[in-house]
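Notes for the one structure printed next.
The values are calculated or read from the model by the stated rules, or taken from the named source; none is laboratory data. As the structure is a computational prediction, the values presented were derived from the model and not from experiment. Virtual Cβ from ideal backbone geometry, glycine too; neighbours counted across all protein chains shown.
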Amino acid sequence: MSYQSRLPKSPLAALAVVALAAGTTTALSGAVPAAAFPGIHHPHAHPTITSQPWGDFEGQTVDLYTLTSGAGMKVTITNFGATVQSLWVPDRRGRSVDVALGFPTLSDYVNDFLQQHTGVAWPLSGGSGDTYFGATIGRYANRIADHSFTMVCSNCSNNGVTYTLPANNGTNTLHGGDLGWNTKVWSASTSQGPGYVALALSLTSPDGDEGFPASVTATVTYTVTTDNELRIRYDITNNEPVGGKATVVNPTNHLYFNLAGESSGPVFDQLLAINADRYSPIDTNFIPTAPYQLSVAGTPFDFRHPKPIGRDITNVSSPDGTSGPFPQLVIAHGYDHNWVLNGSGYRLAAVAQDRGTGITLWTYTDQPGVQFYSGNFLVGDLTGTGGHTYRQTSGFTLETQHFPDSPHHIGEPGWPSVVLNGGQTLSSMTTYRFTTGGTITHFGF
Ligand code: BGC
């Protein structure tokens, strides 16, 4: 009924997940190898980590950390919102490309991420709204219908208690509320070892924070490896004693990718494959609706083999012979849905590629779902890190997570649990790995 601690605690243990050959899947290895990281492709690379002051938020110092792989990858991360600000990787000609949408300054992030709380639309009302660019989302990513839920738990003190949360997305609670984890200054510590550098960011979210029960402590560890991977590990502990209040948690990262470069325009031509036979249909409030999981076969949601992201987004002729706009794409103004990932355990979830730069993104996760969002609500009012504006489909997200609105389906078959009991720790990992190479045409899911 509740989360199990699925990963070993040691940061080195996270590195026991061996880098994968293209197109294969694997599970977390229980054994920790003697060498912290095998450094398969760049055994002599020397990763580095540095920091610089980036400003202040509510009297707290905010820093910007730079993590390099020694093999051409450079990631900047701020402890404001535990947010990835930029992600530079080499293209097939060795040119460095920033593949993550982001803002140039801390004040841009503060204005964007705090607008629900302050009520001051930024930069204008009717604009893109809160983008969550690159941020850590917590305590509960995605939507909870009717901004409330009733706890269902055993060996806990709050079974049957109903909690009211902020309504920050119509009547829903989205991404943890008005003041989610993306609006907090996290405390930071750095480490490094053979083949990697790491930045651990922590915060404690008190009992009642944004209406959620139980104090939890979250640590997000970003690791950059010599294999040009960004590993994101979540360790979230419910600080209540055993038998105390349970809570619900669902962390994710909200990176928007554009594999031709963050300023390059629409991602329509970029290839995407998702390791999923089913997706979650939504109602007009963007909440999964019965029968909750539908086959992707014969629909624009079929990404089982690589296809350009834009191929079916405007296509009114479906392979099953029907024609007209696909209703699910109309509701969401594009893709903004949960795909139910095949298999379980740490595995390949998706592959994406830009055929011009050759930059290929391999996404691995132990989560049951991924929200693929095609940037539908970017309306051209935001200026990004490269000085260009972002519009619809300027980037796409692959938010690895539990299924949207899971707190309304606790204990139901087909709904992996998001309940975290007192004394329990959730550990989870997602990796974004970058390579360049030939065009992906086939995918061994
Ligand atoms: C949601 C979108 C939302 C976006 C930015 C995504 O995770 O699914 O509907 O617009 O985040 O808030």
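Annotation note: of PHE286, PHE301, PHE268, the sole residue that is part of a loop (DSSP other than H, G, I, E, B), in contact (Cβ under 8 Å) with a residue 60 or more places away in the chain, crowded, with 17+ Cβ neighbours inside 10 Å and in contact with a strand residue (DSSP E or B) (Cβ under 7 Å, 6 or more places away or on another chain) is PHE286. Among the candidates PHE377, PHE403, the residue that is farther than 29 Å from THR225 by Cβ and under 14 Å from the mean Cα position of the chain (by Cα) is uniquely PHE403.
Looking at region 116-149, which of its residues are among the polar types (S, T, N, Q) and not in a helix (DSSP H, G or I)? Walk me through it before giving the result.
Start the filter on region 116-149 by keeping residues that are among the polar types (S, T, N, Q), which leaves 116, 118, 125, 128, 131, 136, 142, 148.
Passing the criteria: SER125, SER128, THR131, THR136, ASN142, SER148.
Taking region 177-208 as the range and being acidic (Asp, Glu) and within 16 Å of the ligand (Cβ to nearest atom) as the test, only ASP178 passes. Within the span defined as region 194-208, one or more residues are farther than 17 Å from GLY180 by Cα, over 17 Å from the mean Cα position of the chain (by Cα) and modelled with pLDDT under 95. Inspect all residues belonging to region 386-409 and state whether any of them is more than 16 Å from the ligand (Cβ to nearest atom), in contact with a strand residue (DSSP E or B) (Cβ under 9 Å, 6 or more places away or on another chain) and within 19 Å of VAL75 (Cα to Cα). Yes, some residue in region 386-409 is more than 16 Å from the ligand (Cβ to nearest atom), in contact with a strand residue (DSSP E or B) (Cβ under 9 Å, 6 or more places away or on another chain) and within 19 Å of VAL75 (Cα to Cα).
Taking every residue in region 134-145 that is near the ligand (Cβ under 8 Å from one of its atoms) and pairing it with any residue that is assigned to a strand (DSSP E or B) and aliphatic (A, V, I, L, M), at least 6 positions away or on another chain, the pairs with Cβ-Cβ distances below 8 Å are ASN142/LEU174; ARG143/LEU174.
On the stretch given as region 342-364, residues that are assigned to a strand (DSSP E or B) and more than 30 Å from SER406 (Cβ to Cβ) total 3. Here GLN367 meets each of (1) within 11 Å of the ligand (Cβ to nearest atom); (2) touching a strand residue (DSSP E or B) at 6+ places or on another chain (Cβ under 6 Å); (3) outside any strand (DSSP E or B) with one exception, condition (1).
What do you reckon, is TYR346 more than 17 Å from LEU271 (Cα to Cα), more than 16 Å from the ligand (Cβ to nearest atom) and crowded, with 23+ Cβ neighbours inside 10 Å? Explain how you work it out, then say what you get.
Numbers: more than 17 Å from LEU271 (Cα to Cα): yes; more than 16 Å from the ligand (Cβ to nearest atom): yes; crowded, with 23+ Cβ neighbours inside 10 Å: yes.
Here the answer is yes, as TYR346 does meet what is asked.
Among the residues of region 74-115, the ones that are surrounded by 21 or more Cβ atoms within 10 Å (Cβ to Cβ), in a helix (DSSP H, G or I) and of a type in the set (Ser, Thr, Tyr) come to 1 in all.
Checking every residue in region 418-433 against the condition of being modelled with pLDDT of 95 or more, under 16 Å from the mean Cα position of the chain (by Cα) and within 14 Å of the ligand (Cβ to nearest atom) gives zero matches. In region 119-133, the residues that are at positive phi and hydroxyl-bearing (Ser, Thr, Tyr) form Cβ pairs under 8 Å with partners that are part of a loop (DSSP other than H, G, I, E, B) and modelled with pLDDT of 95 or more, at six or more places apart or across chains, as follows: TYR132/HIS175; TYR132/HIS254.
The sole residue among VAL152, VAL242 that is in a loop (DSSP other than H, G, I, E, B), under 22 Å from GLN367 (Cα atoms) and in contact (Cβ under 8 Å) with a residue 40 or more places away in the chain is VAL152.
ALA71 meets each of the listed conditions (1) hydrophobic (A, V, I, L, M, F, W, C); (2) within 18 Å of ARG433 (Cα to Cα); (3) assigned to a strand (DSSP E or B) apart from (3). If you go through region 389-405 and keep only what is hydroxyl-bearing (Ser, Thr, Tyr) and more than 17 Å from SER428 (Cα to Cα), you end up with THR389, TYR390, THR393, SER394, THR397.
Restricting attention to region 190-220, the residues that are closer than 30 Å to THR164 by Cα and either in a strand (DSSP E or B) or out of contact with any Lys or Arg (no Cβ under 8 Å at 6 or more places or on another chain) (or both) add up to 14. The one condition from (1) in contact with an Asp or Glu (Cβ under 9 Å, 6 or more places away or on another chain); (2) within 16 Å of the ligand (Cβ to nearest atom); (3) closer than 30 Å to ASN228 by Cα that ASP98 does not meet is (2). Do we have any residue at all in region 226-249 that's within 22 Å of PHE57 (Cα to Cα) and modelled with pLDDT of 95 or more? Among the residues of region 226-249, not one is within 22 Å of PHE57 (Cα to Cα) and modelled with pLDDT of 95 or more, which makes the answer no. Quick check on THR439: is it at pLDDT below 95 and either in a strand (DSSP E or B) or surrounded by fewer than 19 Cβ atoms within 10 Å (Cβ to Cβ) (or both)? For THR439, the condition - at pLDDT below 95 and either in a strand (DSSP E or B) or surrounded by fewer than 19 Cβ atoms within 10 Å (Cβ to Cβ) (or both) - is met. Restricting attention to region 104-130, the residues that are closer than 21 Å to LEU203 by Cβ and under 20 Å from the mean Cα position of the chain (by Cα) add up to 6. Scanning region 162-176 for residues that are within 14 Å of the ligand (Cβ to nearest atom) and part of a strand (DSSP E or B), we see that the one that is nearest to HIS254 (Cα to Cα) is LEU174.
Just a yes or no: is a residue in region 321-341 at pLDDT 95 or above and away from the ligand (no atom under 16 Å from the Cβ)? Yes, region 321-341 has at least one match.
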